[in-house]
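Data first, discussion second: the structure below is written as structure tokens.
The values are calculated or read from the model by the stated rules, or taken from the named source; none is laboratory data. Worth saying up front: this structure is predicted, and the values here are computed from it rather than measured. Quick reminder, even Gly has a Cβ in these numbers, built from the backbone with ideal geometry, and neighbours come from all protein chains shown.
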């Protein structure tokens, strides 16, 4: 074999070794009960694992997925960006209900009634608890780490199961959806329901939703500087292509409704102070001051009630702001987990 060919083959093998370490795994929860009392006879949960459990079993981290995200996306973060150190921690990335991998409208029995798709953030958390407890024989973990809708699950985790994790890291996060977020989210649900009502092709109405999401994900100044007036026609053309893969409109609607109902204070008379008394985990909260998709104000306000460590970024990259200050964020998370 030529030397160049050998080098090329080595690079392919190396790439696979670095980025192909994990495989999709599944567990099935039998007769899983939702908050609305509906019972899913066979509730499939997808997950991936990274690293190894140490002898003390005190290095386990749970990493739930964000809105529309999958455990494969988290694989790219862990293995591709070293977001969490898999040589030190045993990381369990779990596909949230409704993401097209775990139980979702797109992979469920089409004869199932709609109440089975009224999934909440608490339902996601309960399914993960049963996965860890009953399927993986894990009854305590070092930390829960996640962002965006994943952070909503992390917040719910430390309220629903306060003794389960020592720490929680929530980024671009909120303990309760804000009125501004609700305005955007309700508009998106309205577009989907209008499309369903009038039999509009999914690709057409999802185009508007995708543009709305992009507008909210970044700041106005970012978009103006990033996309010039002359470049805009080419920029907007990409929304003509629609490939939903495992996250079609029915899954989008399912998870968005879960986000709309997110509120960890609801069981405690909507009191931040009363809710804070339940929480036992140490918390790190990371927000971007200019996040227009998940408003940071509720998280910043709640930080004082739970004596959380707080990192406030301030860049015009909005909801994706941590990506552009990744080194600072990763260092902060690493120090928090170890201190």
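For this structure, a couple of remarks:
- Check on residue 23, more than 21 Å from residue 100 (Cβ to Cβ), assigned to a loop (DSSP other than H, G, I, E, B) and either within 21 Å of the chain's Cα centre (by Cα) or at pLDDT 95 or above (or both): no
- Answer from 126, 166 - the residue that is more than 14 Å from residue 58 (Cα to Cα) and touching a residue at least 24 places away in the same chain (Cβ under 8 Å): 126
- Residue check: residue 51 meets all listed conditions (1) on the phi > 0 side of the Ramachandran plot; (2) touching a residue at least 60 places away in the same chain (Cβ under 8 Å); (3) in contact with a strand residue (DSSP E or B) (Cβ under 6 Å, 6 or more places away or on another chain) but one, namely (2).
- Considering 280, 274, the condition of being farther than 30 Å from residue 315 by Cβ, under 24 Å from the mean Cα position of the chain (by Cα) and assigned by TED's automatic domain parsing to the domain that holds residue 317 is satisfied by 280 alone.
- Checking the stretch 286-300 against the condition returns a match, with at least one residue being assigned to a helix (DSSP H, G or I), under 20 Å from the mean Cα position of the chain (by Cα) and more than 25 Å from residue 98 (Cβ to Cβ).
- Criterion violated by residue 273 - all others in (1) surrounded by 13 or more Cβ atoms within 10 Å (Cβ to Cβ); (2) touching a residue at least 12 places away in the same chain (Cβ under 8 Å); (3) in a helix (DSSP H, G or I) satisfied: (1)
- Qualifying residue in the stretch 286-297 (condition: touching a strand residue (DSSP E or B) at 6+ places or on another chain (Cβ under 8 Å), within 30 Å of residue 58 (Cα to Cα) and in contact (Cβ under 8 Å) with a residue 24 or more places away in the chain): yes
- Test: residue in the stretch 51-63 that is in a helix (DSSP H, G or I), assigned by TED's automatic domain parsing to the domain that holds residue 319 and crowded, with 19+ Cβ neighbours inside 10 Å: no
- Residue among 225, 166, 199, 237 that alone is more than 21 Å from residue 294 (Cβ to Cβ) and in the same structural domain as residue 266 (by TED's automatic domain parsing): 166
- Residue within the stretch 195-211 that is assigned to a strand (DSSP E or B) and either surrounded by fewer than 20 Cβ atoms within 10 Å (Cβ to Cβ) or touching a helix residue (DSSP H, G or I) at 6+ places or on another chain (Cβ under 9 Å) (or both) present: no
- Residue selection: residue 320 satisfies the criterion of being surrounded by fewer than 19 Cβ atoms within 10 Å (Cβ to Cβ) and within 19 Å of the chain's Cα centre (by Cα).
Okay, residues lined up against (1) touching a strand residue (DSSP E or B) at 6+ places or on another chain (Cβ under 7 Å); (2) crowded, with 24+ Cβ neighbours inside 10 Å; (3) within 15 Å of residue 27 (Cβ to Cβ); (4) at pLDDT 95 or above:
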{"site": "103", "(1), (2), (3), (4)": "yes, yes, yes, yes"}
{"site": "113", "(1), (2), (3), (4)": "no, no, no, no"}
{"site": "123", "(1), (2), (3), (4)": "no, yes, no, yes"}
{"site": "126", "(1), (2), (3), (4)": "no, no, yes, yes"}
{"site": "135", "(1), (2), (3), (4)": "yes, no, yes, yes"}
{"site": "138", "(1), (2), (3), (4)": "yes, no, yes, yes"}
{"site": "144", "(1), (2), (3), (4)": "yes, yes, no, yes"}
{"site": "159", "(1), (2), (3), (4)": "no, no, no, yes"}
{"site": "163", "(1), (2), (3), (4)": "no, no, no, yes"}
